[in-house]
Structure formats: C-alpha cells, structure tokens
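Asker: Sharing a structure with you now.
The values are calculated or read from the model by the stated rules, or taken from the named source; none is laboratory data. On a predicted model such as this, the values are computed, not experimentally measured, just so you know. A quick note on method: Cβ atoms are made from the backbone with ideal geometry, for glycine too, and the neighbour counts reach across all protein chains shown. Accessible surface areas use protein heavy atoms only, side chains included; no ligands, DNA or RNA. Shrake-Rupley method; radii C 1.70, N 1.55, O 1.52, S 1.80 Å.
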Amino acid sequence: MSRVKYLAADGTETVLVVPASTSIMQAAVSSGVRGIVGECGGQLMCATCHVYVESVAGQLPEQTQDERDMLELAASPVHECSRLSCQLIMDDSIAHARVRLPETQV
C-alpha cells in the first residue's frame, strides 16, 4: 500500500494509506477529506475531484482527452499539474503522491 498526502487550501495535511487499484479520489471521499467532492463518483462526468499534483514517485498516467475536457469545467484555476483525482488509480507508479487541493470544487 502507498501513502497519499492531501494538502488542503487552508494548510491542513491529511495522509492516507491507499490500497492498490483505489483512486486518489475514492480514498479521500471515503475518509472524509475535505476539499474533494467526487460528485460523479469517479465516472469522469464532473471536475469536483480536481487536484494539483505536487509530487509522485514515478510517472503519472497520461491524461485522456475526456479528462482534459472535464478539467475545463473545474471551479478553480487549472494548471499544468492539474488532474482529476478519480483518474489517478493507485499503483507503484504513483506511490507516495502529494496533491494540493484547490480553494473550491464547486
């Protein structure tokens, strides 16, 4: 299992152990991490799980066109490091990720 550090806009840090095959969004929502809504449940139908990826152990999976399209709907500014956390499924390539949460998701 790998750890993910969530950095809230107010400076609060939450570290979760995230099992393989679980999305960074699923782990946050099921643990009550404030700042990730996950309104569509990870179906790539909204942008309420937008995060700024600050670091990962390896390479992130490449963004799909659908993810890029959904990020255009994000409530907070989109940056080069913006991702939808529902699309970041935990495996060795993103072990020990650190993500910053935007000021708002809605």
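Asker: Mind jotting down the three principal axis lengths of the stretch 28-70 based on Cα atoms? Whole angstrom, largest first.
Answerer: So the three principal-axis extents are 27, 24, 13 Å.
Asker: Still on this structure, please answer the following. Grab the other residues whose beta carbon is less than 10 angstrom from that of Leu7, score K and R as +1, D and E as -1, and report the net.
Answerer: Details: positive: Lys5, Arg98, Arg100; negative: Asp10, Glu13, Glu54.
Overall, the nearby charge balance is 0.
Asker: If Lys and Arg each add +1 and Asp and Glu each add -1, what is the summed charge of the other residues whose beta carbon sits under 14 Å from the beta carbon of Glu67?
Answerer: Charge balance in the 14 Å sphere: -3.
Asker: Of Cys86, Gln105, Val4, which is farthest on the positive side of the dipole of the chain, counting Cα position, with +1 on Lys and Arg Cβ, -1 on Asp and Glu Cβ, and the Cα centre as origin?
Answerer: It is Val4, whose Cα lies furthest towards the positive end.
Asker: Shifting gears a bit: Calculate one ³J(HN,Hα) per residue across the stretch 94-103 by plugging θ = phi - 60° into the Karplus curve 6.51 cos²θ - 1.76 cosθ + 1.60, and present them in order as whole Hz with x for glycine and proline.
Answerer: Couplings: 10, 4, 6, 6, 10, 10, 9, 8, x, 4 Hz.
Asker: What Kirkwood hydrodynamic radius do you get for the stretch 1-96 when you take the inverse of the mean 1/r over all pairs of distinct Cα atoms, in Å? Write out the running numbers ahead of the final one.
Answerer: On the way: mean 1/r = 0.0753 Å⁻¹.
Answer for the stretch 1-96: a Kirkwood hydrodynamic radius of 13.3 Å.
Asker: Excluding Ala47 itself, what net charge comes from residues whose Cβ is under 10 Å from its Cβ, given Lys and Arg +1 and Asp and Glu -1? Present the calculation step by step, with values, prior to reporting the outcome.
Answerer: Working: positive: none; negative: Glu39, Glu67, Asp69, Glu72.
Summing Lys and Arg as +1 and Asp and Glu as -1 gives -4.
Asker: A follow-up question, please. Pull up all non-local amide H partners of Val18: gap of 5 or more, or a different chain, and H-to-H distance under 5 Å with H placed in the peptide plane.
Answerer: Ser2, Arg3, Val4
Asker: May I ask you to rank Arg34, Arg100, Arg3 by accessible area, largest first, using a 1.4 Å probe over the protein chains only? Could you put the intermediate results ahead of the total?
Answerer: Numbers: Arg34 210, Arg100 90, Arg3 125 Å².
Ranking Arg34, Arg100, Arg3 by accessible area, largest first, yields Arg34, Arg3, Arg100.
Asker: Using a basic spin-label model with each label point 7 Å from the Cα along Cα→Cβ, how many nm lie between Val78 and Cys40?
Answerer: Distance between the two pseudo-spin positions: 1.2 nm.
Asker: Applying the Karplus parametrisation 6.51 cos²θ - 1.76 cosθ + 1.60 with θ = phi - 60° to the phi angles of the stretch 29-45, what ³J(HN,Hα) value in whole Hz is obtained for each residue in order, glycine and proline being reported as x?
Answerer: In residue order, the calculated couplings are 5, 5, 9, x, 5, 6, x, 10, 8, x, 3, 8, x, x, 8, 6, 10 Hz.
Asker: Rounded to the nearest Å, what's the spacing between the alpha carbon centres of the stretch 75-106 and the stretch 18-74? Just the number, please.
Answerer: 5
Asker: Under the rule of at least 5 residues apart or a separate chain, name every residue whose amide H is placed under 5 Å from the amide H of Ser23.
Answerer: When sequence neighbours closer than 5 places are left aside, the close amide H contacts are Met90.
Asker: Just order 39-47, 82-90 by mean Cβ neighbour count inside 10 Å, highest at the front, would you? Walk me through the intermediate numbers first.
Answerer: Working: 39-47: 15.9, 82-90: 23.2.
Order by mean packing, descending: 82-90, 39-47.
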